[in-house]
Amino acid sequence: MMQAYDSFFLMVIIANWGAPPLAKRALLVSASASLVVLMLKFAGYISTGSAAILSDALESIINAAAGVFAYISLKIYSKPPDASHPYGHGKIEFISAAFEGGAIVIASLWIIYKSVDEIAKGASFHKIDTGIILVALASAINLVLAILLIKIGRRNNLLILEADGRHLLTDVVTSVSVLLGLGLMRITDYYILDPLIAILFALFIMRTGIKLIKISLGGIMDKSNPEDETKIQSILDGYIGKICAHHKIRHRHGGNICFVDFHIVVPAEMKISKAHQIATEIEEKIARALGSAGVTAHIEPCTNQECNVCKMWVMQDSNLRPAD
Ligand SMILES: [Zn+2]
Ligand SMILES: [Zn+2]
Ligand SMILES: [Zn+2]
């Protein structure tokens, strides 16, 4: 489901939900601190014009933007099916992820453009020290916060806090690499290091965006999930003997609901009530195996003259019949 809860807006929302008081407080502190960090990084970019610092700051903005998308889609996502959307509203998740991925790709292209521009113009930095200090301060705040969140999360078994802390740690790693690059640039006076670092990070961020777009397009286009496919297949195979055969298995996903349909072949003389009973049994078994699922079976009569299941069924059926 949603993976973007480690961002400012969603943290506020989770904090306002029925989370434990400790988690609430920790998440609110973390959310406000992340705003401060964002402002520090931006101040660092404005005072230096460094593309590398911009790319570092951008990661923080992407998280905030992801939070807004996640918030809006989570509201729609959790609405139950209605007359105009009988399959529910789960697909909003894919649309939101596609937007998010698109925004990330555009942002990283922008950074690459800025960096190439910087290389072409041969920019030099006068106040790079200010930038280094601001980014260092921002990542120090992030580091302290990350360690605290992970500790509190572990001690109290609150996964949300631990995940948030881990995310902040990756943020620290990015900032430290940017700082190393800027420090090297300051010593060597190779100003080209700045746009090169920025391009490197832009490419890294872009990969995340492309991955996100791929996943969401797969969801929108009803790409099948091999794991679910195997589960459905093996349950149906287990019913061979009670049914003659099965075919035309299909499944698609709308958010966390899986919609499944398939055909089952039963002995032609079987009563509708019996066939329906078997179909319902299979439907329920598949629904249980997939978690949240809407399963529909189509029943058809067997036309295979050599069918062993049919032969067995006729024998059993005549045994069950009272003797004339
Ligand atoms: Zn069929
Ligand atoms: Zn029925
Ligand atoms: Zn048959």
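Leaving out ligands, DNA and RNA but keeping every protein chain, what accessible area does His247 have, in Å² rounded to the nearest 10, with a 1.4 Å probe?
Surface open to solvent at His247 totals about 70 Å².
Under 19 Å Cα-Cα from Lys271, which aspartates and glutamates qualify once same-chain neighbours fewer than 8 residues away are excluded?
Glu281, Glu283, Glu300, Asp317
For Lys214, list the lysines whose Cα falls under 27 Å from its own Cα; do not include residues on the same chain fewer than 8 positions away.
Lys75, Lys79, Lys91, Lys114, Lys223, Lys231, Lys248
Per the 1.4 Å probe, what fraction of the accessible area of segment 226-320, in percent, lies on carbon and sulfur atoms?
Values: 3020 of 5670 Å².
On segment 226-320, the fraction of accessible area on carbon and sulfur atoms equals 53 percent.
Starting from the Cα of Glu281, step 7 Å along the direction of its Cβ; do the same at Ile61; then give the gap between the two resulting points in nm.
6.1
Run the numbers for Val176 and Tyr87: contour at 0.36 nm per residue of separation, minus the present Cα-Cα distance, in nm.
On the way: separation 89, 0.36 × 89 = 32.04 nm, distance 4.65 nm.
Going from the current span to full extension adds 27.4 nm.
The values are calculated or read from the model by the stated rules, or taken from the named source; none is laboratory data. These numbers were taken from a predicted model, which means no experiment stands behind them. Cβ coordinates were reconstructed from backbone atoms using ideal geometry, including for glycine residues, and neighbour counts include every protein chain displayed. Protein only, heavy atoms only, side chains kept; ligands, DNA and RNA dropped before computing areas. Shrake-Rupley method; radii C 1.70, N 1.55, O 1.52, S 1.80 Å.
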